[in-house]
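Everything below concerns the one structure shown next.
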């Protein structure tokens, strides 16, 4: 087997404008391509952040994400940052709420969470 890295992660959103604005305008992802898929009645937006790709599927008729208790499957996406405090401050200035900064008990590094427009947990971690 020759697995070498994660190629992409896929996230489902409910509102095209809101999700695209959040990931592109606020978080800084670059759009690789956008396509409406009439057979599925959804949008697929391929995004890039350095060497990471994110597939964003936008369809208003999917069920909402369960939160507590958490369901099986993808738990969250985590982004490496140089400074959790500075990044949290920048997110807050853009109107994105973050949880209090805390220390990861296993890595002893700072971390915190915030959420996309559909409640997908996103983490920043040093």
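The values are calculated or read from the model by the stated rules, or taken from the named source; none is laboratory data. A quick note: this is a predicted structure, and the numbers were derived from the prediction, not measured. All Cβ positions, even for glycine, are placed from backbone atoms using ideal geometry, and neighbour counts span all protein chains on display.
Among what's in segment 44-67 and is under 21 Å from residue 124 (Cα atoms) and at pLDDT below 80, pick the residue that is surrounded by the most Cβ atoms within 10 Å (Cβ to Cβ).
65
Checking the structure you have, find out if any residue of segment 80-95 is part of a strand (DSSP E or B) and surrounded by 15 or more Cβ atoms within 10 Å (Cβ to Cβ).
No; the residues of segment 80-95 include none that is part of a strand (DSSP E or B) and surrounded by 15 or more Cβ atoms within 10 Å (Cβ to Cβ).
In segment 96-106, what residues are loosely packed, with under 11 Cβ neighbours inside 10 Å and without any contact (Cβ under 8 Å) to a residue 12 or more places away in the chain?
105, 106, listed by residue number.
Suppose we filter 35, 41 for residues that are modelled with pLDDT under 95, loosely packed, with under 15 Cβ neighbours inside 10 Å, over 18 Å from residue 6 (Cβ atoms) and assigned by TED's automatic domain parsing to the domain that holds residue 10; which single one remains?
41
Does any residue of segment 12-23 turn out to be at pLDDT 95 or above, part of a strand (DSSP E or B) and surrounded by 10 or more Cβ atoms within 10 Å (Cβ to Cβ)?
Looking through segment 12-23, none of the residues is at pLDDT 95 or above, part of a strand (DSSP E or B) and surrounded by 10 or more Cβ atoms within 10 Å (Cβ to Cβ).
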